[in-house]
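Encoded as structure tokens, the structure appears first; notes follow it.
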Amino acid sequence: MPTDAANRATALLRDGSHFQWHVIPMLLLVLYVYANEIERRNWNVVFAGLALWGADWLNEIGNALFFHATRHAPAWSTPSGSAYVLLIGLNVEISLMFAVMGVVVAKTLPEDAATRILGVPNRWFIALAASAFCVLIEIWLNAVDALVWDNWWWSVRMPWLIFVVGYLWFFALAFWVHDLRTVRQKARVVLALLALDAALLAVFGGVLGWI
């Protein structure tokens, strides 16, 4: 039987009546961030940002499918406070945030991938630090009931799972894309990831109606 939070999030799912105007300036700010990096031809950062955004969509689709399979609760849900809920654990504000997060963190990467920070390869050090910071933010969001966790294995008692599944692989993928040798390689990986997301949404959302 679905939890209360799952029922509330499902009731909001793609309900346009909750639209709020703050989404429009937020979208413009995201577009500005990417336009600024494209103007500078900073393709490493552009594709790193898109890779992280695509990775988050893949996670969110998996979370929605998990809820469909169990009919109890997703690993995380967003049952309130949004202008538009895209999937049971993803609202438009979170999606726009992730669209920028990869850009922000990629801009902190040292130019030399071989440089170490406290003896750790800098890509891994920054990925680990950024993931830990994000987990702390999630714990706070859960504490204020903005992000609900209804399963014991996805909770403050097991933060390492949120750390690895929820963030670390996002940053690892984004930094790998950032460091690919050519723009063509970066574009291929990102387009493949976004195409996979789109196909899964089309099949499980549009055709089957599971998510």
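The values are calculated or read from the model by the stated rules, or taken from the named source; none is laboratory data. Values in this document were obtained by computation on a predicted structure and should not be read as measured data. Backbone-built Cβ (ideal geometry, glycine too); neighbour counts: all protein chains shown. Protein only, heavy atoms only, side chains kept; ligands, DNA and RNA dropped before computing areas. Shrake-Rupley method; radii C 1.70, N 1.55, O 1.52, S 1.80 Å.
Odds and ends about this structure:
- Nearest-ten-degree value, helix 169-179 long axis tilted from longest Cα axis of the chain: 30
- Between I117 and N122, the built amide H atoms are under 5 Å apart, and every one of these is 5 or more places off in sequence or on another chain.
- Prolate/oblate/rounded label for region 1-159 (Cα gyration tensor, a/c 1.5): oblate
- Inter-part distance, region 72-128 to region 19-41, computed on C-alpha centroids, equals 17 Å.
- Computed from point charges on the beta carbon alone (+1 for Lys and Arg, -1 for Asp and Glu), the dipole magnitude for region 63-194 about its Cα centre is near 460 Debye.
- Gyration tensor (alpha-carbon) shape descriptor, region 81-156, a/c threshold 1.5: oblate
- Carbon + sulfur, % of accessible area of the chain - ligands and nucleic acids excluded, 1.4 Å: 69
- Heavy-atom accessible surface of the chain, averaged per residue, reaches 52 Å², computed with a 1.4 Å probe.
- Of the residues T108, L12, G209, the one whose Cα sits farthest toward the positive end of the charge dipole of the chain, with +1 on the Cβ of Lys and Arg and -1 on the Cβ of Asp and Glu, is T108.
- Test item: Cα-centred dipole of region 25-109, Lys/Arg +1 and Asp/Glu -1 on Cβ, debye: 80
- Between amide H atoms placed 1.01 Å from N, distances below 5 Å from L90 occur with T78, all of them 5 or more places distant or on a separate chain.
- The angle between the Cα long axis of helix 122-143 and the longest principal axis of the Cα atoms of the chain comes to about 20 degrees, rounded to the nearest 10.
- Highest mean first, the peptides 48-58, 116-126, 67-77 sorted by other C-beta atoms within 10 Å per residue fall in the order 48-58, 67-77, 116-126.
- Assigned charges on the beta-carbon of Lys, Arg, Asp, Glu; region 1-148 dipole about Cα centre (debye): 180
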